[in-house]
Amino acid sequence: MQILGEEDLVKYPFLEETKEYIAKLGLTLNDFVSNEFEKVIRRCELRLMSSRYPPELYTLDKDTDLLSFILALIIIKASQREDVFTRFAFNEANRAEHFLKTEENKRVLTYILKRLLNINILEVDDFIGNSHYEYAIHVKDYIKLSSSLKSIHWKIVNKIVYNGLVYLKRREIIRLARDKIYQEIYKRIKDAPTPVVPQNLQYLVDIVKNRPLPKRLAKNLVPTVDPPCVTQILDKIKAGKNLSHYERFFITTFLLKRGKTIDEIISLFSFSPDFNEKIARYQVEHIAGLRGGRKQYNVPDCKTLFSQSLCYKNESCDNISHPLNYKLKKVEKLWREEKTS
Ligand code: SF4
């Protein structure tokens, strides 16, 4: 029986059903050169250039969206940039996670979870305390699936276990599935043969090749009270380098949350060669919610910073998901260990 509809394939293009659907179209890479595929190419460009793929952007027709996904996989493989393999898989997995979390059709959700996790999944409907548990999986499956998640939240002792089954909330099982989606997309790119891209589409490969390189951790980075992503930007400012728009946005939100005043932040930006006090003040005040729509912007989380190539994660980050959760204690411990080793 057909469980997935057309819209589902667009939301979850990594599924086997997409491959089968595309195979039936009988297209080759050379076909994409034709004007008929203009919309697909534009869509693919968007997929390749977005450092974060907004979940709302999926409203085109099925063929355009699915073909743009397949074409993006091919172009990324042709670029041979492993860091882009990773980032693309990560962004697409995040996009799928968003759709799974808001999936209204439980049959579709359960079907996709089963296909992805490849384990026996029981649907339950139990309230324990204030929490609603919708799924249960075997303990041994849970241990295997959660082994890469370091937060104590995922430790088996912190889970509801009954009769050999681990009870999970919807968002928990989807989080486990997200890793699988990431792995599937990454493996698909990695295992594919390197394609020969027609001349007319070569510029797409160049878009990917020319994306900024992943940031490397500076040598001899000294742990500080700030997370590595913040330290990197502060160092850049002190070295008199210009910041990108997003770096400026991130550091402003972060420093405001840490209690810095608007004048202190502006005086920090004055180190930048492109500093213009009027513009800087307007931007900082806007982010602080003192201008325009008067919305105070939140500090981006680690996932977003990663997708913007601004994450410089090291051991001191200790699996946090938000830079504001960076713990001084952990940093000091590492620092002491380093000093005494
Ligand atoms: S893991 Fe989070 S806190 Fe650590 S560097 Fe990356 S973005 Fe910053």
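Residues that are over 12 Å from the mean Cα position of the chain (by Cα) and closer than 25 Å to N91 by Cβ within segment 317-330 comprise C317, D318, N319, I320, H322, P323, L324, N325, Y326, listed in sequence order. A Cβ distance below 7 Å, combined with a sequence gap of six or more or placement on separate chains, defines the contacts here; from segment 159-180, residues that are at positive phi reach residues that are not in a loop (DSSP other than H, G, I, E, B) in the pairs G164/H138; G164/V139. Only one of the listed residues (L305, L334, L243) is of a type in the set (A, V, I, L, M) and modelled with pLDDT under 85. That residue is L334. When segment 235-287 is filtered for residues that are of a type in the set (V, I, T) and in a helix (DSSP H, G or I), the ones remaining, listed by number, are I237, I251, T252, T253, I262, I265, I266, I279, V284, I287.
Restricted to segment 119-134, and to residues there that are modelled with pLDDT of 90 or more and closer than 27 Å to K303 by Cα, the residue that is surrounded by the fewest Cβ atoms within 10 Å (Cβ to Cβ) is H132.
For every residue, the table says whether it meets (1) modelled with pLDDT under 90; (2) of a type outside the set (A, V, I, L, M, F, W, C).
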position	(1), (2)
E184	no, yes
P214	yes, yes
D226	yes, yes
A239	yes, no
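So that you can scan it fast, the table gives a plain yes or no per residue for (1) modelled with pLDDT under 90; (2) in the same structural domain as F306 (by TED's automatic domain parsing); (3) surrounded by 19 or more Cβ atoms within 10 Å (Cβ to Cβ):
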position: D61; (1), (2), (3): yes, no, no
position: S79; (1), (2), (3): no, no, yes
position: H138; (1), (2), (3): no, no, no
position: N163; (1), (2), (3): no, no, no
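Test N325 against the stated conditions and say whether it is in contact with a helix residue (DSSP H, G or I) (Cβ under 7 Å, 6 or more places away or on another chain) and surrounded by fewer than 14 Cβ atoms within 10 Å (Cβ to Cβ). So N325 does not fit the description; no. Scanning segment 125-170 for residues that are over 27 Å from C317 (Cα atoms) and among the aliphatic types (A, V, I, L, M) turns up I128, A136, I137, V139, I160, V161, L165, V166. Remark: pairs (first residue in segment 285-312, farther than 18 Å from K236 by Cβ; second residue more than 16 Å from the ligand (Cβ to nearest atom) and among the aromatic types (F, W, Y); Cβ separation under 7 Å; 6+ apart in sequence or on different chains) = I287/Y297; R291/Y282. Within 21 Å of P228 (Cα to Cα), among the hydrophobic types (A, V, I, L, M, F, W, C) and not assigned by TED's automatic domain parsing to the domain that holds S148, is that true of F275? Considered against the rule, which asks whether it is within 21 Å of P228 (Cα to Cα), among the hydrophobic types (A, V, I, L, M, F, W, C) and not assigned by TED's automatic domain parsing to the domain that holds S148, F275 comes out as no.
The values are calculated or read from the model by the stated rules, or taken from the named source; none is laboratory data. None of these values were measured; they are calculated from a predicted model. Every residue, glycine among them, receives a Cβ derived from its backbone with ideal geometry; neighbour counts consider all protein chains shown.
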